[in-house]
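For reference, the structure discussed in these notes is given below.
The values are calculated or read from the model by the stated rules, or taken from the named source; none is laboratory data. Bear in mind the structure is a predicted one, so any value in this text is a computation, not a measurement. A quick note on method: Cβ atoms are made from the backbone with ideal geometry, for glycine too, and the neighbour counts reach across all protein chains shown. Keep in mind that these areas ignore ligands, DNA and RNA; they rest on the heavy atoms of the full protein, side chains included. Shrake-Rupley method; radii C 1.70, N 1.55, O 1.52, S 1.80 Å.
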Amino acid sequence: MPEVPTIPTSMENPDAPAVIVRSEDELIEKLQVMRNAQRAYADFSQEQVDKIFAAAAAAANKMRIPLAKMAVEETGMGLVEDKVIKNHYAAEYIYNKYKNTKTCGVIEEDKAFGLTKIAEPIGVVAAVIPTTNPTSTAIFKCLICLKTRNAIMISPHPRAKRCTAQAARVVLEAAVAAGAPENIIGWIESPSLEATNTLMAEADIILATGGPGMVKAAYSSGTPALGVGAGNTPAIIDDTADVIDAVNSIIHSKTFDNGMICASEQSVTVLDGVYDQARAEFEKRGAYFLAGDELDKVRHTILINGRLNAKIVGQSAHDIAALAGVEVPAKAKVLIGEVDSVDISEEFAHEKLSPCLAMYRAKDFEDALAKAERLVADGGYGHTSSLWVNVNEREKIAEHAHRMKTCRVLINTPSSQGGIGDLYNFQLTPSLTLGCGSWGGNSVSENVGVKHLINIKSVAERRENMLWFRTPEKVYFKKGCMPVALDELGTVMHKKRAFIVTDQFLYKSGFTKSIERKLDEMDIAHSSFWDVAPDPTLQCAREGEKQLRAFEPDCIIAVGGGSAMDAGKIMWLMYEHPEAKFEDMAMDFMDIRKRVYTFPKMGEKAYFVAIPTSSGTGSEVTPFSIITDADSGIKWPLTDYQLMPNMAIVDTDNMMTQPKGLTSASGIDVLTMPWRRTSRSWRPTTPTAIALRAAKLVFDYLPRAYDDPTDVEARDHMANACAWPAWRSRTAFLGVNHSMAHKLGAYHHIPQGWANAVILTRVARYNAADRPTKMGTFSQYKYPHAKARYAEMGRFCGFTGANDDEVFENFMKGIEELKEHICVKHTIAEFGVDEKYFLDTLDEMSENAFNDQCTGANPRYPLISEIKELYLDAYYGRPASSYED
């Protein structure tokens with residue numbers, strides 16, 4: 001049988017590799033010695049550290065019995081056998097928890113997202129050790145400091161200084177033998193309040209375990225601190241609990257080391273239905289119920305002048321009773337006081353750190369919870385609470401957890417052993433320092449471990465947002481495709497009721513008759529809403545929703561320009577989800593994947609078909625809807641992939657009757673889409689190629705479509721030029737040009753295409769500045785190069801020059817010539833906008849343009865004052881200024 005090691009009779013060891021502080025005066029000097037050791041240790045590898053950690057844990061484990069005996073002899077508290085368990089736990093369980101934990105160098109790496117986390121030690125740890133657990137806590141703190149490459153200077157309790165120092169010595173000598181620097185662990189040989197305060201002020205972090213006064217001093221020292229609060233653990237035995245298990249576990253916990261673990265039960269509240277059974281079980285298992293004046297005698301022994309009597313801490317039930325002048329059996333395990341008050345004036349309601357237990361009777365579960373809440377509030381905020389209950393009573397367990405302001409809520413667990421973790425549960429971190437969170441005045445709300453003693457560097461490499469390309473499920477295009485596409489509604493999808501959304505002109509001119517005839521052929525009932533205005537309003541959409549709800553279609557067909565399709569999308573949303581709030585849908589976001597509001601799933605009641613009759617906004621293939629709130633006058637761009645039409649039918653036949661004004665307004669609007677998408681903050685290669693092609697189509701075919709409405713080829717190409725870059729737009733918004741145009745439409749009723757066109761080249765010059773005031777905040781946009789992108793588009797459209805500057809200028813001239821050809825007005829004033837009204841609304845309009853959802857995608861992040869100047873330049877036709885900062 002192996003011989004139990006013994007502690008040397010002399011604590012003096014001149015060859016010890018420790019930093020031993022023998023006076024307050026030498027503390028600062030000795031701390032510098034430790035800092036030098038720690039700096040060397042900081043360069044150790046994970047392999048070296050793990051070797052040291054294992055050796056130190058093994059040495060502490062081997063000395064668990066001698067250290068336990070020494071602690072009891074010196075402090076006169078607790079039981080050797082239980083302190084052996086605590087020492088064993090501090091060595092073995094802490095080692096097992098962290099043996100494979102990375103604490104050196106790179107501890108985490110995500111190559112895909114470019115994030116590397118690197119662990120660095122903090123420095124010198126000031127460790128305050130309590131008299132209740134002097135050796136086990138010293139072992140615990142030394143081990144987690146070694147694992148994290150920190151030095152540790154220990155301030156023991158004066159009544160436990162020898163055993164605490166010896167525990168630290170055991171760990172240190174094994175660590176140094178395994179390769180650790182000498183002087184990595186030290187202790188104050190003659191601890192004092194002054195020395196401890198100096199240590200806390202000079203260390204890099206404090207690890208404080210002790211009374212409330214010491215913990216408060218740690219947090220007041222000016223040094224980052226990890227402290228723990230007082231415990232006043234209330235246990236509840238529910239009437240569904242296994243009473244025998246509950247009572248015996250509480251006794252087991254309460255008698256462990258004579259009740260000195262701060263998580264141990266200080267009271268037990270038993271529901272009325274099982275109270276007698278619980279009381280009988282306590283008596284059967286050795287608990288002594290105080291009666292008559294015995295109760296008062298023990299009460300007055302627990303507290304002296306309102307403070308816990310240090311003479312009872314860690315003593316046996318028999319010795320505490322004797323101190324109170326009460327005779328109890330020598331083998332009495334726990335002294336139980338049956339009391340009624342949970343007020344702080346009741347001595348038994350306090351933390352007692354001894355085998356003294358308050359017992360309450362509760363009429364029901366609510367009464368028990370109320371008592372436990374008050375007990376926690378009277379000295380145990382944040383620490384631990386426990387409940388004994390049938391595990392199927394999930395509502396009771398949840399309510400208990402909700403009501404208890406404690407960081408450890410234990411179910412069917414002896415709280416002394418359960419609270420420290422990993423004995424009666426396997427995910428609660430093993431620790432001998434239990435954080436109580438803000439409730440207990442602590443900086444941590446969990447069991448303290450190695451993660452609290454390292455600084456983590458996060459090395460974040462630049463990454464670009466994922467981009468994507470999405471289209472409606474079905475897109476039909478080319479002249480004459482509409483009848484074929486609509487046929488699917490009946491022959492493939494078997495739709496029964498269709499609701500047509502359009503405007504007055506198209507409806508009264510009989511434009512929708514061909515659609516209605518096709519629906520009739522397929523026996524699809526139909527109804528129409530034809531009151532969509534050129535600037536569709538939210539109020540219009542709500543009227544359409546009423547008709548939708550009355551008709552209950554399974555298909556919605558939006559026919560017309562962007563206005564009809566945008567209004568139709570909002571009606572569709574309101575029809576399917578009347579609970580959705582417009583103000584939530586209109587909420588701005590920086591990244592569509594991170595937005596606060598989540599759009600509800602669409603298409604469960606109705607299939608959405610978009611049929612454009614002009615080549616303009618491309619709403620038929622986008623998740624956008626531009627809608628105006630008539631009450632506020634604000635024009636809102638809404639977007640979400642749930643607003644994407646299910647089917648788009650781009651039939652050139654539907655565009656052959658556009659008047660010149662509509663051809664001009666919608667056609668120039670087509671140019672602004674690839675224009676903005678090419679220059680904005682981010683752009684994937686493939687959709688950018690589409691945008692460039694679309695821009696060239698506008699230059700090649702818009703004049704022809706404007707001059708000759710019957711030119712089928714020109715109309716067909718303009719339809720493609722509209723749809724293609726609109727597909728591209730689904731990866732982002734369109735920039736400040738569209739933001740400003742939205743507000744010109746809302747405030748001054750300028751058609752969207754012309755509103756975009758009148759400011760187009762001015763905004764281009766503004767964005768093309770080589771020295772903008774601010775850049776857009778997007779990882780894809782690395783430096784100001786909008787001019788190069790404009791020049792790229794210009795070259796693709798046939799404009800030349802010796803360099804980007806010349807190409808850009810020729811491109812701007814070409815755009816102005818195109819606008820002249822299709823009769824786009826030159827200034828905002830020329831649209832008939834009253835000067836006084838324009839100036840009166842200018843500040844508000846500029847701010848709303850800044851707040852528009854499209855603004856964030858602009859390559860140059862605009863100031864409100866800059867938007868205002870752009871508006872003024874466009875109103876008066878002033879020459880575009882430099883727009884540099």
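Tabulated values for the structure
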read-out: Test: residue in region 224-231 that is touching a strand residue (DSSP E or B) at 6+ places or on another chain (Cβ under 9 Å) and open to solvent by 20 Å² or more (accessible area, probe 1.4 Å); value: yes
read-out: Verdict on Asn848 being of a type in the set (S, T, N, Q) and open to solvent by less than 20 Å² (accessible area, probe 1.4 Å); value: no
read-out: Residue, least open to solvent (accessible area, probe 1.4 Å), within region 353-385, restricted to residues that are modelled with pLDDT of 95 or more, among the charged types (D, E, K, R) and not in a helix (DSSP H, G or I); value: Asp364
read-out: Hits in region 630-655 (condition: over 24 Å from Thr613 (Cβ atoms) and among the charged types (D, E, K, R)); value: Asp631, Asp640
read-out: Residue under evaluation Ile85, criteria (1) open to solvent by less than 60 Å² (accessible area, probe 1.4 Å); (2) part of a helix (DSSP H, G or I), criterion not met; value: (1)
read-out: Pro66, sole failed condition from (1) modelled with pLDDT of 95 or more; (2) surrounded by fewer than 16 Cβ atoms within 10 Å (Cβ to Cβ); (3) part of a helix (DSSP H, G or I); value: (2)
read-out: Failed item, numbered, when Gly78 is tested on (1) in a helix (DSSP H, G or I); (2) at pLDDT 95 or above; value: (1)
read-out: Of residues in region 194-223 being crowded, with 20+ Cβ neighbours inside 10 Å and polar (S, T, N, Q), the one nearest to Asn442 (Cα to Cα); value: Thr209
read-out: Failed item, numbered, when Asn150 is tested on (1) at pLDDT 95 or above; (2) closer than 20 Å to Ile20 by Cβ; (3) surrounded by fewer than 24 Cβ atoms within 10 Å (Cβ to Cβ); (4) of a type outside the set (A, V, I, L, M, F, W, C); value: (3)
read-out: Cross-chain or 6+ apart pairs with Cβ under 7 Å, region 422-438 first and within 13 Å of Arg408 (Cα to Cα), then open to solvent by 10 Å² or more (accessible area, probe 1.4 Å) and of a type in the set (Asp, Glu); value: Leu428/Asp422; Thr429/Glu446; Pro430/Asp422; Gly435/Glu446
read-out: Restricting region 581-616 to residues that are hydroxyl-bearing (Ser, Thr, Tyr) and open to solvent by less than 50 Å² (accessible area, probe 1.4 Å), the residue that is nearest to the chain's Cα centre (by Cα); value: Tyr597
read-out: Per-region count, region 190-205, residues over 18 Å from Gln32 (Cβ atoms) and touching a residue at least 24 places away in the same chain (Cβ under 8 Å); value: 6
read-out: Among (1) open to solvent by less than 20 Å² (accessible area, probe 1.4 Å); (2) of a type in the set (Gly, Ala, Ser); (3) out of contact with any Asp or Glu (no Cβ under 8 Å at 6 or more places or on another chain), the one test that Gly314 misses; value: (3)
read-out: Qualifying position, being of a type outside the set (Gly, Ala, Ser) and touching an Asp or Glu at 6+ places or on another chain (Cβ under 7 Å), among Lys457, Lys405; value: Lys457
read-out: Residue that is surrounded by the most Cβ atoms within 10 Å (Cβ to Cβ), among those in region 111-123 that are aliphatic (A, V, I, L, M) and not in a strand (DSSP E or B); value: Ile122
read-out: Subset of region 252-273 (residues that are in a helix (DSSP H, G or I) and open to solvent by 10 Å² or more (accessible area, probe 1.4 Å)); value: His252, Thr255, Phe256, Asn258, Asp272, Gly273
read-out: Cys481 open to solvent by less than 80 Å² (accessible area, probe 1.4 Å), touching an Asp or Glu at 6+ places or on another chain (Cβ under 7 Å) and closer than 30 Å to Thr710 by Cβ; value: yes
read-out: Failed item in (1) in a strand (DSSP E or B); (2) touching a Gly at 6+ places or on another chain (Cβ under 9 Å), with Ala126 passing the rest; value: (2)
read-out: Pick from region 401-422, criterion over 20 Å from Val268 (Cβ atoms) and part of a loop (DSSP other than H, G, I, E, B), ranking: most open to solvent (accessible area, probe 1.4 Å); value: Asp422
read-out: Residues of region 199-249 classified as among the β-branched types (Val, Ile, Thr) and either part of a helix (DSSP H, G or I) or touching a Phe, Trp or Tyr at 6+ places or on another chain (Cβ under 6 Å) (or both), total; value: 5
read-out: Residues within region 851-885 that are aliphatic (A, V, I, L, M) and open to solvent by less than 30 Å² (accessible area, probe 1.4 Å), tallied; value: 5
read-out: Single residue of region 685-728 satisfying the filter (at pLDDT 75 or above and β-branched (Val, Ile, Thr)) that is surrounded by the most Cβ atoms within 10 Å (Cβ to Cβ); value: Val698
read-out: Answer residue from region 620-639, given it is in a loop (DSSP other than H, G, I, E, B) and either of a type in the set (Gly, Ala, Ser) or on the phi > 0 side of the Ramachandran plot (or both) and is surrounded by the fewest Cβ atoms within 10 Å (Cβ to Cβ) among those; value: Ser632
read-out: Residue within region 94-110 that is crowded, with 24+ Cβ neighbours inside 10 Å, out of contact with any strand residue (DSSP E or B) (no Cβ under 7 Å at 6 or more places or on another chain) and in contact (Cβ under 8 Å) with a residue 12 or more places away in the chain present; value: yes
read-out: Criterion violated by Lys513 - all others in (1) farther than 30 Å from Ala208 by Cβ; (2) surrounded by fewer than 14 Cβ atoms within 10 Å (Cβ to Cβ); (3) of a type outside the set (Val, Ile, Thr); (4) in contact (Cβ under 8 Å) with a residue 12 or more places away in the chain satisfied; value: (4)
